[in-house]
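Beneath this line is the structure, given in C-alpha cells, with notes to follow.
Coordinate-derived values only; no laboratory data. No experiment lies behind these values; they were computed from the predicted model shown. No Cβ is skipped: glycine too gets one built from the backbone with ideal geometry, and neighbour counts run over all protein chains shown.
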Amino acid sequence: MGRHADSAHDSARGGSAQDAVRLDARVFGMVQGVGFRYWTMGTAEELGLSGEVSNLDDGSVSVIAEGAEPQVRKLLDWLKSDRTPGRVERVESGFSAAQGTFGGFRAH
C-alpha cells in the first residue's frame, strides 16, 4: 500500500523516481548581473525540479537540474528561449541519470 501511495505521488509530479534525469547545462552570453540565476531558480521550482544554478568565473552560468524528464526538458527549452533575462548566446547541455543529491533548487 505504501508503494501505491508513492506511485500516486510520483505521478502527480510527472514521473517516477526511476524516470528522473539530470541536466548539466552551461549558459553563455550576457547572463550574469541580469537576474538570470533567480529567474532560472523560479522557473525550475515552478517545474518541480531540484538542483542549483551558479555564476562561473568566465561569465557563463552553470545549471544542474534533476526531475522528471519532461519537466527538465521544459527547463532546457526555457534556457534556450528569448524569455530569459539577459541575452543567451548558446547553451551546452547533457543528460544523465539523476543522482538525487538536491533537496530543492538553489542559486549561488
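Once fully extended, how much extra length lies between Ser62 and Arg87, figured as 0.36 nm per residue of separation less the alpha-carbon to alpha-carbon distance?
The Ser62-Arg87 span can extend by a further 7.5 nm.
Could you sort 34-46, 63-75 so that the peptide with the highest average Cβ count within 10 Å comes first and the rest follow in order?
The peptides rank, most packed first, as 63-75, 34-46.
If R0 is 41 Å, what FRET efficiency do you get for Ser96 and Met30 from their C-beta distance, rounded to 0.05?
On the way: r = 28 Å, r/R0 = 0.69.
The computed FRET efficiency comes out at 0.90.
Could you work out the Rg to Rh ratio of the stretch 35-108, with Rh taken as the Kirkwood radius (inverse of the mean 1/r over all Cα pairs)?
Radius of gyration relative to Kirkwood radius: 0.92.
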